[in-house]
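Read through the structure below, which is laid out as structure tokens, and then see the notes.
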Amino acid sequence: MTAIGVLIGSGVMPLSATLACATIGAVAGDSIGLLIGYYYKDQLKRMWPFRKYPKMLERGQQFIAQHGGKSIFIGRFVGAIRAFVPLVAGMLEIPPLRFYLVDIVSALCWAIAYMLPGFLIGIASLEIPAEMAAKVILLILSLLVVLWVVTCILKASSKWIYQHLNAISDAVWQKLKKRPKAHVICNLLRFPQERTESGQLALAVFALILTSLFVILWLNVITHSMLTDWNEPFYHLFRGMYTPGMTKIMLLISTLGQKAVLLPLGATVFIYLLATRHGRTALHWLALVILITVIAYACKHLYYNPRPPGLLNGPINSSYPSGHVSLSVAFYGFIGFLLGRRMPEWRQAIYWTVAVICSLVALSRLYLGAHWLTDVVGGALLAGAVLSGVIIAYRRSTMPEINWIGILTTALITLFIFGGWYLHKHLHMLQEDYQPVWPEHQIDEDSWWNQQSNKIPLYRAGRLGEAQQILNVQWSSSLEDIISTLAANGWRNVPVNNFFTLFERVTQEDKVKHITIIEELKNDQPPAYIGIRTTGTGQPAVIFLWDAHVTLQPGNKPLWVGTIYYQTVHHYSLTHQNQNIETLSAIEELMPSLKNYVYKEEAIDAKQLPLRFSLKQHSPYMLILIRPRNTNILTILNQNATRPL
């Protein structure tokens, strides 16, 4: 389903028809199962394959008994029993109307949920240069197939792998115990509460691997080597997602890793453990708090790594490693370890909860632009290594039974009090500080008109920071005047994306649906205006305008830069792209709208463009400069290339 989503997002398959087919197919499959259950009922237990594997039906029966009518909806998303819920529903003679009311809704939600990741990947591929798109899509599809095959193999062989790894670990441990020189290691890794102590050895190896990876990554950060190449794409990707509402959510999540919240958590948990006579556990908790805090902030002071740019008032201390991620993984990880020991039946759920919390904290730091990708990965590696070392030390002696309700309640109350206090005091300020900003420039209007300034961008960078498209429009006027001028000349305004306009643009059948669904960005900035106009050739002309963050002097006149091109509509094919942005310039479609303006066309100096543009086109790229007719008339008349309408 994810692979199909990739094809939909990239334009190879239509969204509405594919979604309908997936939903109908899912309901049809359930209908067959329902009819078989109605017809055969308990005879199914004596039929193949249920005669040989009776647990298949038993799982479905237990699931429906546990969840009742909700099981029809929930079962759709649980792979192990998805196929058996309709069978059991038929055996239990659930009324068809009741069944289908839930089943159709669940099938639609299932199709959307399973296609959505691929759909997002597909529409993101439209930001990739046209010559690479097909290769990227095929690569993604191939990786998804490989991932599916590997997952199936791991599922089938997980028990065998686990047994053999344990056997290897036991064998290595037994050899170490027989060597006198390894006595110190064996003593450090003893684990009296388990049948075998080889688990300590495996955890020690894991800690060494994490430490090595942390050091390797740190050296890459210091030398700006290969691994740091991933920083810029992720920085631009998250910066281009900025919305005030999402920033507020991410600030709330980021508070879970804030030292002003977690250090009090460390203190209260330490006091609770002492008060409940768990001194040894309290000492290991204190050691963890001190180690992770000291090491993380020592690394920051040993080498200064600049923070990502572009925030109004972002953090200024060294970025590597992320303190938020380091503290989160260490603190929540050790609490999760203590809870998992006390509640082994909930251990997996506890560990997953800790992993989700720490992942969200890391994601929030990337979204807010406070850290590079290497910072959050390095923070997680460092915390994982320290946490593993503390757990090894803690398990060397008999571990006491700790009241899980008490420690969980203490942690939650502390997070609520100090997190709430921190947000109350700082949320408004943080929302302002984490606003993305762009450098502002002032240049002389004549310098701009004569193209003597290098402050004005000639191409835009896409969502991953790569050179994406020539900016062939520079327009000096207020945005309101530009919009009214274009509207008076037949240009239709395309609304900025939100959930409703996005759905409308995906499903409608007119030319607007062929405009790229993910908004085109200029240096991570969404367009201020999108317009579309029907032309005589049948190919609509599309214009995007962005704030250039340049004011022309005298008069503080705003300047807008943009791109205008013919929107090529293709039939669906694997190499489908919405437009060839280098060759379909539509400057001539803009000229009839400029009755109150003067303009001129200029050839763009190829030396000022990235190499990829020069390789794509041998003739020079053209640029149109526009300003109001009453601006510096004498200067305009002296320009040979000026063409008043």
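The values are calculated or read from the model by the stated rules, or taken from the named source; none is laboratory data. Bear in mind the structure is a predicted one, so any value in this text is a computation, not a measurement. Note: ideal-geometry Cβ built from the backbone for every residue, glycine included; neighbour counts use all protein chains shown. For accessibility, only protein heavy atoms count, side chains too; no ligands or nucleic acids. Shrake-Rupley method; radii C 1.70, N 1.55, O 1.52, S 1.80 Å.
Kirkwood Rh over alpha-carbon pairs of segment 310-407, then Stokes-Einstein at 37 °C and 0.692 mPa s: what D in µm² s⁻¹, rounded to an integer? Stokes-Einstein gives a translational diffusion coefficient of 224 µm²/s. Here the spin labels are modelled as points 7 Å beyond Cα on the Cα-Cβ line, and at Lys45 and Gln553 they lie 8.9 nm apart. For Lys70 and Glu345, the difference between the fully extended length at 0.36 nm per residue and the C-alpha to C-alpha distance is 96.6 nm. Given the pairs Lys259/Lys425; Lys259/Lys522; Lys259/Lys300; Lys41/Lys70; Lys455/Lys557, which are separated by over 23 angstrom at their Cα positions? Those over the limit are Lys259/Lys522.
Taking a 1.4 Å probe, which of Tyr394, Tyr459, Tyr53 shows the most accessible area, and what order do the others take after it?
The ranking, largest first, comes out as Tyr53, Tyr459, Tyr394.
An ellipsoid equivalent to segment 192-307, defined through the eigenvalues of its Cα gyration tensor, has semi-axes of 33, 24, 15 Å when rounded to whole angstrom and sorted largest first. Here the simple spin-label model places points 7 Å from the Cα toward Cβ, and for Ala528 and Ser225 these points are separated by 4.5 nm.
Relative to the current alpha-carbon distance between Ile249 and Thr409, full extension at 0.36 nm per residue lengthens the span by 55.2 nm. Dipole magnitude for segment 307-396: computed about the Cα centre from +1 point charges on Lys and Arg Cβ and -1 point charges on Asp and Glu Cβ, it is near 300 debye. For the listed peptides 316-326, 67-77, 468-478, a ranking on the average number of other beta carbons within 10 Å per residue, highest first, reads 316-326, 468-478, 67-77. Over segment 219-267, with every protein chain in place, what whole percent of the accessible area is carbon and sulfur at 1.4 Å, could you tell me? Accessible surface attributable to carbon and sulfur in segment 219-267 totals 75 percent.
Computed from the C-beta positions of Arg629 and Met429, the FRET efficiency with R₀ = 51 Å rounds to 0.65.
Among rounded, prolate and oblate, which fits segment 240-303 when a ≥ b ≥ c are the square roots of the eigenvalues of its C-alpha gyration tensor, a/c under 1.5 means rounded, and a/b larger than b/c means prolate? The shape class here is oblate.
Ordering Asp229, Asp103, Asp547 by accessible surface, largest first, gives Asp229, Asp547, Asp103; the 1.4 Å probe counts only protein heavy atoms, with every chain in place. In terms of the mean number of neighbouring beta-carbon atoms within 10 Å, the peptides 483-490, 425-432 order highest first as 483-490, 425-432. In this view, the solvent-accessible surface of Cys109, computed with a 1.4 Å probe and all protein chains in place, comes to about 50 Å². A Cβ-based charge dipole, computed about the Cα centre of segment 378-499 with Lys and Arg at +1 and Asp and Glu at -1, lands at about 820 debye.
Judged by the mean number of other Cβ atoms found within 10 Å, the most tightly packed of the peptides 589-598, 343-352, 434-443, 206-215 leads the ranking 589-598, 206-215, 434-443, 343-352. The slack between Ala113 and Glu601, meaning 0.36 nm per residue of separation minus the straight C-alpha distance, is 170.9 nm.
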